[in-house]
Structure formats: C-alpha cells, structure tokens
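Here the structure is laid out as structure tokens; the discussion comes afterwards.
A short reminder: the numbers here are calculations on the coordinates, not readings from a lab. Predicted model only: the values in this text are computed from it and were never measured. Every residue, glycine as well, gets a Cβ built from its backbone with ideal geometry; the counts of neighbours run over all protein chains shown.
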Amino acid sequence: MNEFRYPRQLRLLTGGDFKQVFSRASIKVSDKHLLILACPNELDHSRIGFVISKKNIRLAVNRNRVRRIIRESFRLNQHDLPNVDIVILARKGLGDIENPDVHSLIKRSWSRLVKKAKATARPKPTSNK
C-alpha cells in the first residue's frame, strides 16, 4: 500500500537544494500562471520546493492557498512522479484563479512533467552514416 505522507524528505529545504535545481534544470513545464523546473536526483523519490513571491501573488492568504493546493496534489501524486527535484514558480495571476482551476492546472502540469522526464531519460538515437 502506498503512503501519502509529506515528510521533510520530500521537500527542498536548503538554498543549495534550490540552487542546484535552478542551475541544472533539464525539465521545464511552462504555463501562463506557473513554471515548473526540475532536475534528476539520486534519491528514490521526488522532492518539491516553492518560490511564490509577494510580487506575483499579492495576498498571503492566496499564496498559502496556492501552496496548499499544489502541496496536496504533490502528496497524492508523488508515487507517479519521476525521481526529480521540483521547484514550483508562481507567475502573475495564479492567486486570482479559483481552486478547481488550480487543481486542473497542476494536474495537467504533473502529466506534462512525467512525459518530459520520460523523454529526457530516453537515450537519443544516433544515426549511422
């Protein structure tokens, strides 16, 4: 049976963890309101971190709401995600959309992330001339 907990091991905690994702991001999932950067890790699970600035989502209640929705979605989908470190960056307007729309946005983003991770993990075919 799968566990759906959210312990410290599933979070990016230090500045070095975030810096590594920003410098080595090989997977990018972009949307109008959201940007996901990811890089492979050596662990047997994925980890997540958030960069949600006051500039992009003005009210703290909206920043926390968005963070809570994405964290819950990550918790429920963690077993389907590849072994990558993920940074979620909020863009302008994310705090203005309703909860069901945020849920559908992050669900689409997870599927795109999985698809791109599989594509980058596959070795590129070489042509023999």
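Numerical summary
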read-out	value
Extension reserve of the residue 112-residue 97 stretch, reckoned as 0.36 nm per residue once the Cα distance is removed	3.4 nm
Mean Cβ neighbour count within 10 Å, used as a protection proxy, ranking 52-59, 79-86 highest first	79-86, 52-59
Greater than 25 Å apart at Cα, pairs in 32/116; 55/116; 28/92; 54/116; 19/92	55/116; 54/116
The chain - mean residue ellipticity at 222 nm from DSSP helices (-39,500 (n - 2.57) per run, n ≥ 4, rounded to 500)	-13500 deg cm²/dmol
Cα pair count fraction exceeding 25 Å, expressed as % - the chain	24
Degrees between helix 99-121 axis and first principal axis of the chain (Cα, 0 to 90, nearest 10)	20
Local electrostatic count at residue 37 - Lys and Arg +1, Asp and Glu -1, tallied over other residues with Cβ under 10 Å	+1
Spacing of the two label points (7 Å from each Cα toward its C-beta) at residue 20 and residue 75, in nm	2.5
J(HN,Hα) series, the stretch 28-39, from Karplus relation 6.51 cos²θ - 1.76 cosθ + 1.60, nearest Hz, glycine and proline x	10, 10, 10, 9, 4, 10, 8, 10, 10, 10, 8, 9
Under 20 Å from the Cα of residue 118 - aspartates and glutamates, other chains or at least 8 residues apart	31, 42, 44, 80, 85
Rounded to 10°, Cα long-axis angle of helix 15-24 versus longest principal axis of the chain	50
Dipole in debye (nearest 20) - the stretch 12-119, about Cα centre, beta carbon charges: Lys, Arg +1; Asp, Glu -1	400
